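Asks: One structure coming up, written as structure tokens, with questions to follow.
The values are calculated or read from the model by the stated rules, or taken from the named source; none is laboratory data. Just so it is clear, the structure is predicted and the values come from calculations on it, not from any experiment. FYI the Cβ positions are ideal-geometry reconstructions off the backbone, even for glycines, and counts take in every protein chain you see. The area values use the complete protein model at the heavy-atom level, side chains included, leaving out ligands, DNA and RNA. Shrake-Rupley method; radii C 1.70, N 1.55, O 1.52, S 1.80 Å.
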Amino acid sequence: MSLVGSLCNSYFYILQDIEDVIMRAKEVGINSVISVTEEANDFERVIHLSKSYPGVVAPCLGIHPIQCWGSQEQRSVRLQDLDSALPLFQKYRDEIVAVGEIGLDFTPWYAPHAEHRDEQEAVFRRQLEISKALDLPVNVHSRSAAKVTIAVLKEEGIQQALLHNFAGKPSVAMEGVQAGYFFSFPPAVSRNEQRVKLIKQIPLEHICLETDSPALGPDKQLWAKCL
């Protein structure tokens, strides 16, 4: 059996033992991983990684709804965060496999005000336009915003979407299923009974696997080795 990891984070490239990680992934049947970006300065790094491991690391470029991840400056995305990324979508249009990780994150401490949510949506819609222009699928983040996220995807006429680590209501997931979207889940969902119930209601043919590495492994350690 040949497997594809549908989402590894952009900081996959900082792993000191990346050769070992890729070897272990291949040993368990994972022959390719899709490495997403979060910020514009990740783009070149992920492209470089894909060239170092051709056919194994597939680059997926996008601006995440939360910027400066893991720092004290962590915040909701702004339109200007997209500026430096725009020419890179064109530069690498023939190398990337999707646009992502993009989407919405309405977690209250990240997007406490309507203007934060509105700007996130503007950045999201702009990148959906890019995906349509490049004829590429999208890899989508939808924390605390599942219903709005799927509504925007449908409004924008998106036909190929993967909603990663989806945590919305089953009724909302079914809207996505009807639109032809896919849903991916990491090992960490095995610890969440509500998520297990959700997964059981999604048709198997609409479910993909992800590691979300290096986070969200089967145990509670954040930086668990998921691959």
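Asks: Is one or more of the residues making up region 167-177 on the phi > 0 side of the Ramachandran plot and in a loop (DSSP other than H, G, I, E, B)?
Replies: no
Asks: Could you check how many residues of region 13-58 are assigned to a loop (DSSP other than H, G, I, E, B), more than 20 Å from residue 99 (Cβ to Cβ) and of a type in the set (D, E, K, R)?
Replies: The qualifying residues number 1.
Asks: Mind checking which residues of region 62-79 are open to solvent by less than 10 Å² (accessible area, probe 1.4 Å) and not in a strand (DSSP E or B)?
Replies: 62, 63, 64, 65, 77
Asks: Another question, then. Given the structure, is residue 123 farther than 26 Å from residue 196 by Cβ and open to solvent by less than 40 Å² (accessible area, probe 1.4 Å)?
Replies: Taking the combined requirement at face value, the residue satisfies it.
Asks: Now for a separate question. Conditions: (1) out of contact with any strand residue (DSSP E or B) (no Cβ under 9 Å at 6 or more places or on another chain); (2) more than 26 Å from residue 168 (Cβ to Cβ); (3) open to solvent by less than 10 Å² (accessible area, probe 1.4 Å). Residue 93 meets all but one. Number of the miss?
Replies: (3)
Asks: Would a scan of region 102-115 turn up a residue that is part of a helix (DSSP H, G or I) and either within 13 Å of residue 65 (Cα to Cα) or modelled with pLDDT of 95 or more (or both)?
Replies: Checking region 102-115: at least one residue is part of a helix (DSSP H, G or I) and either within 13 Å of residue 65 (Cα to Cα) or modelled with pLDDT of 95 or more (or both).
Asks: Criterion first (part of a loop (DSSP other than H, G, I, E, B) and of a type outside the set (Val, Ile, Thr)) does residue 188 satisfy it?
Replies: Taking the combined requirement at face value, the residue does not satisfy it.
Asks: Could I ask something else about it? When you go through 220, 169, 225 one by one, which is the residue that is surrounded by fewer than 21 Cβ atoms within 10 Å (Cβ to Cβ), modelled with pLDDT of 95 or more and not β-branched (Val, Ile, Thr)?
Replies: 169
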